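What follows is a single structure, written as structure tokens, with notes after it.
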Amino acid sequence: MPLSEHGPVRKQQFHDRLGILHDTLLHRTLRQRFPAAFNTRWTRRHWVHASLFATLGALLATIVPGFSSQLQPASQLHATLPLSLPPLTVRAPAAGQGHQWDVVQVESGQTLGGVFESMGVSSQTMHQILEQPGNREALTRLRPGAELAFALGEDGALQGFRFDRTPSQRVELSLVGGKIHEKVLERATTTRVAVTSAEIDSSLYAAGRRAGLSPASIAVMTDDIFKYDIDFKDVQPGDRFSAVVEETWREGERIGGGRILAATFTTGGKTYTGFRFERDGKTEYFTQDGRPLKKSFIRMPIPYARLSSTFGARRHPVLGKMRMHKGVDYAAGTGTPIMAAGDAKVQFVGQQRGYGNVVILDHGRGHTTLYAHMSRFGKIKRGQQVAQGSVIGYVGSTGLATGPHLHYEFRVNGVHRNPLSVTMPPPAPLAGAELAAFRAQAAPALARIESMERLMYASATPAKGSGKRG
């Protein structure tokens, strides 16, 4: 090999040996500095140190933006989650004209004219709508919460109008060319039976409204069902009542209460019951054992009148002689309504000497009543059947009378009796097939009431009364 060729070889060998020496020196230096790193087994202390340095390194890479960007992967993963969008609300077109209904809810104290004015509709158009048959009565008696719907054109003119004429009838009016076209839609209603109960704390009316009863239903309890058994002026806090009622529902909304099918009222430690039942085509209320709650007669044909003369011997105020007063007198203002004391047939309507204008009613079983000194008669005629409480005439001073009052007589087989003390004949109870039908109807209603009261008044156990009328 020529001498010139030995230069590069020697140079390469020199660099190789220098690298080996460098590695050997570095290895020896590291071994001297960190002898444990080159042992075959690490101690627990070394592993703890290594873990600590690894954790610190990860934190530095996260905190320092330079390290963080380097540690981010080249591409990121994205996940999508499908979300259901809410359905679009489409407003109903008005009367086929392609417009939309604007629904307005009547507020307390707001008039129909005020509602139309707020919608920018003229009073002339409102009166045109009211002139339609059947509209005036429904629209002039709107209650708070009632809904009226308007369909207005682009120029603000009324194109359509909608309202509820009855709970089951919705009326849509279309105004085209100055004329009104009416469409009546029947709205389906359902009847449900519900039971309600409440304890009186301030007043019966407040408790009834709190229990969901309408004013009319409360009046049925006080004036029809328990009228003869309970003096509602004496009702006290802590008394309670329950009722099974029919409710009218439309499109999932309760729109009114209906008939009371059964009711109980607990006062003074006694519980009175009343169940609705039809007998001979007439609706009556009966006790649990089938006895009518309604008495055959009411004591006073004029409610809240003042007794001015009693039954018995007295000096006649006009004739000035001692005469038997065969009835009682009730002082009241001229024109005060006079009611029939019981269900009866009109036996006489006309004038009789000192009685003046007089009405005589035949109640059957030998019982008759007489009403004298009337200013005028009610809408009755001889032979007509009248119900208890019907208006048969009005207080006056015709005949031998010194002032307006009602002279009232009660007769049994033609013999005069004191109306204030005579034992009134009880009405006939249910019997036979009618009683069986009544019991089958009343039992489920009573069970519902008892179940409700067990839930509401578990700690109260008042003694139940017989429900008899006193």
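When region 123-148 is filtered for residues that are closer than 20 Å to residue 182 by Cβ and touching a helix residue (DSSP H, G or I) at 6+ places or on another chain (Cβ under 8 Å), the ones remaining, listed by number, are 125, 126, 129, 130, 135, 136, 139, 140, 142, 148. Can you spot a residue in region 236-248 that is free of Cβ contacts under 8 Å to residues at least 24 places away in the same chain and either closer than 30 Å to residue 303 by Cβ or in a loop (DSSP other than H, G, I, E, B) (or both)? Scanning region 236-248 turns up no residue that is free of Cβ contacts under 8 Å to residues at least 24 places away in the same chain and either closer than 30 Å to residue 303 by Cβ or in a loop (DSSP other than H, G, I, E, B) (or both). For region 250-291, the set of residues classified as hydrophobic (A, V, I, L, M, F, W, C) and closer than 30 Å to residue 202 by Cβ consists of 255, 260, 261, 262, 263, 265, 275, listed by residue number. Limited to region 108-132, what total is found for residues that are in a loop (DSSP other than H, G, I, E, B) and out of contact with any strand residue (DSSP E or B) (no Cβ under 7 Å at 6 or more places or on another chain)? Within region 108-132, residues that are in a loop (DSSP other than H, G, I, E, B) and out of contact with any strand residue (DSSP E or B) (no Cβ under 7 Å at 6 or more places or on another chain) number 7. Among the residues of region 129-136, are any under 18 Å from residue 104 (Cα atoms), touching a Phe, Trp or Tyr at 6+ places or on another chain (Cβ under 7 Å) and open to solvent by less than 30 Å² (accessible area, probe 1.4 Å)? Yes, the conditions are met somewhere in region 129-136.
Of the strands (runs of 3 or more DSSP E) lying entirely inside region 278-351, not one is found with 3 or more residues being at pLDDT below 90 and in contact with a Leu (Cβ under 9 Å, 6 or more places away or on another chain).
Residue-wise test of (1) under 23 Å from the mean Cα position of the chain (by Cα); (2) surrounded by 13 or more Cβ atoms within 10 Å (Cβ to Cβ); (3) of a type in the set (Asp, Glu).
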residue	(1), (2), (3)
254	yes, no, no
261	yes, yes, no
267	no, yes, no
280	no, no, yes
284	no, yes, yes
306	no, no, no
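Is region 352-365 home to any residue that is on the phi < 0 side of the Ramachandran plot, aromatic (Phe, Trp, Tyr) and either open to solvent by less than 20 Å² (accessible area, probe 1.4 Å) or not in a strand (DSSP E or B) (or both)? Yes. The set of residues from region 183-208 being assigned to a strand (DSSP E or B) and surrounded by 13 or more Cβ atoms within 10 Å (Cβ to Cβ) comprises 183, 193, 194, 195, 196, 197, 198, 199. Quickly run through region 101-132 and pick out the residues that are closer than 18 Å to residue 164 by Cα and touching a residue at least 40 places away in the same chain (Cβ under 8 Å). Selection gives 101, 102, 103, 104, 105, 106, 128, 129, 132.
In region 223-235, the condition of being assigned to a helix (DSSP H, G or I) and crowded, with 19+ Cβ neighbours inside 10 Å is met by at least one residue. Here region 236-249 is the region considered, the condition is being under 14 Å from the mean Cα position of the chain (by Cα) and either open to solvent by 20 Å² or more (accessible area, probe 1.4 Å) or modelled with pLDDT under 90 (or both), and the residue that is nearest to residue 449 (Cα to Cα) is 246. When residue 214 is tested against (1) under 16 Å from the mean Cα position of the chain (by Cα); (2) buried (at least 18 other Cβ atoms within 10 Å of the Cβ), only condition (2) is not met.
Could you check region 249-265 and list, in sequence order, the residues that are part of a strand (DSSP E or B), touching a residue at least 40 places away in the same chain (Cβ under 8 Å) and out of contact with any Asp or Glu (no Cβ under 6 Å at 6 or more places or on another chain)? Hits for region 249-265 are 249, 250, 255, 256, 260, 261, 262, 263, 264, 265.
The values are calculated or read from the model by the stated rules, or taken from the named source; none is laboratory data. Fair warning: this is a prediction, and the values are worked out from it, not measured in the lab. Backbone-built Cβ (ideal geometry, glycine too); neighbour counts: all protein chains shown. These area figures cover heavy atoms from the full protein model, side chains too; ligands, DNA and RNA do not enter into them. Shrake-Rupley method; radii C 1.70, N 1.55, O 1.52, S 1.80 Å.
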